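Shown next, in structure tokens, is the structure this report addresses.
No lab work stands behind these numbers, since they all come straight from the coordinates. Values in this document were obtained by computation on a predicted structure and should not be read as measured data. Neighbour counts run over all protein chains shown; Cβ positions are idealised from the backbone, glycine included.
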Amino acid sequence: MYNLKLILILINIIFSSISLYGNSDKILNLANTLFSNKEYNTAITEYKRYYFFNPKSKYTPYIFSKIGDCYKYLKDYNNALKYYILAQETYDDEEFYYKLSLKISIIYILQQKFSKSEVKLLEIYNFSNNNKLKKESLFYLAIIEALQYNWEKSYNYLIKYFNNKDQTILNLKKWRKELELESLKNPLLAYYLSLVPGIGQIYSSNYKDFFAALGINSLNTYILFSFLQNKDLYGSIVFFISTFLRYYTGNMMNAKNNSIKYNNKINKKNLKKLFNILDMSIIKNKN
């Protein structure tokens, strides 16, 4: 009885497979429809089902690329990368290869693997014969540099990308001038300035912590000298190690960290300004 059920199940699977194989185009159309409707998980299943029945199809690179797109929109970047690379390996066409290289570079950006993305983008810019792809690579190279706060490199890439778009170029030049007016802090300098408690805090524009650093360290210095004046060597050593050094070095690290926070705040503000310029340019182009 058990064997009969097993045979019936196998027969059903075989006939279902034959039926599906004959409707491969329907499976592909269904997958594309699901993709268009943003039903990415179900679309992945259908694309994989199509590939299962048609492993040697001429559409295989396309299938892999679409599966990669689905995973990208689902923010599963590792699987997206896997299928984009598979698509590259299954189709010997230069333009298709570089289109996928652009997709791969974007995934690397989303993963914050900027150096890997840069390698791919420079490869497109230097070797692709597709001018549109070359131009897009410039845009993403600019984004990579901006995300790392390398403003000058980002600016130069964007000037090449926008070329003769007057308003955007003017906005970028204005943004660059504003950058020149803002000076960043040197965290190491802030650290050593704090050998005199509070000075590093003033340098890093944190006036609130200046009073705390100056007050606490002045009080600790007074207490330490009181121990020494009373010839309490043991007490002075214990206080120096347990309290004085803790607050003195903490004051130095505080100044350094304040400088880093100050720089991050300025850089994030400049990044937001840049992205606003790019958003305006993209909206203008669409209209």
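Computed from point charges on the beta carbon alone (+1 for Lys and Arg, -1 for Asp and Glu), the dipole magnitude for the stretch 142-287 about its Cα centre is near 640 Debye.
Between residue 74 and residue 219, what is 0.36 nm times their sequence separation minus the Cα-Cα distance? Round to one decimal in nm. Don't skip to the answer; put the middle values down first.
Details: separation 145, 0.36 × 145 = 52.20 nm, distance 5.67 nm.
Full-extension gain reported as 46.5 nm.
Here the simple spin-label model places points 7 Å from the Cα toward Cβ, and for residue 196 and residue 139 these points are separated by 5.2 nm.
Only aspartates and glutamates eight or more places from residue 113 in sequence, or on another chain, were considered; those with a Cα closer than 19 Å are 69, 76, 123, 136, 145.
So, with +1 on the Cβ of K and R and -1 on the Cβ of D and E, and no other charges, what is the size of the charge dipole of the stretch 22-164 about its Cα centre, to the nearest 20 debye?
Result for the stretch 22-164 is approximately 220 debye, rounded to the nearest 20.
For the peptides 76-84, 236-244, the ranking by mean Cβ contacts within 10 Å, running from highest to lowest, is 76-84, 236-244. The order of 192, 248, going from fewest to most other C-beta atoms within 10 Å of their C-beta, is 192, 248. Taking Lys and Arg as +1 and Asp and Glu as -1, the other residues whose beta-carbon sits under 13 Å from that of residue 256 total +1. Rounded, prolate or oblate: which one fits the stretch 187-285, using the alpha carbon gyration tensor with axes a ≥ b ≥ c (rounded when a/c is under 1.5, else prolate when a/b beats b/c, else oblate)? It is prolate, given that a/c is not under 1.5 and a/b is the larger ratio. Put simply, the amide H of residue 113, placed in the peptide plane, has no neighbours under 5 Å, leaving out anything fewer than 5 places away on its chain.
Counted as membrane-span-like here are DSSP H helices of the chain whose alpha-carbon atoms extend 27 Å or more along the helix's own axis and whose Kyte-Doolittle mean is 0.5 or above; these are 2-22, 207-229. Considered as an equivalent ellipsoid built on the Cα gyration tensor, the stretch 46-162 has semi-axes of 29, 16, 9 Å, the largest given first. With R₀ set to 35 Å, the beta-carbon distance separating residue 246 from residue 266 gives a calculated FRET efficiency near 0.70.
Each residue of the stretch 24-68 gets 55 Å³ once the volume of the Cα convex hull is shared out per residue. Calculate, for residue 170 and residue 237, the FRET efficiency according to 1/(1 + (r/R0)^6) with r their C-beta to C-beta distance and R0 51 Å; round to the nearest 0.05. The pair residue 170/residue 237 has a calculated efficiency of 0.20. Here the scattering of the stretch 85-230 is modelled by Debye summation over its C-alpha atoms, one equal scatterer each and no solvent; at q = 0.09, 0.16 Å⁻¹ the log10 of I(q)/I(0) is -0.52, -0.91.
Each Cα pair under 8 Å and six or more residues apart adds its separation to the average, and for the chain the resulting relative contact order is 10 percent.
The amide H of residue 194, built 1.01 Å from its N in the peptide plane, has 200 as neighbours under 5 Å, considering only residues 5 or more places off or on other chains.
From the alpha carbon centroid of the stretch 123-199 to that of the stretch 209-278 is 33 Å. Structure remark: mean-square fluctuation, Gaussian network model of the chain, C-alpha springs under 10 Å; the largest value among 180, 123, 136 belongs to 180.
Which of rounded, prolate, oblate describes the chain, given a ≥ b ≥ c as roots of the alpha-carbon gyration tensor eigenvalues and a/c under 1.5 marking rounded, otherwise prolate only if a/b is larger than b/c? List each step's numbers first, then the result.
On the way: a/c = 4.11, a/b = 1.93, b/c = 2.13.
The shape class here is oblate.
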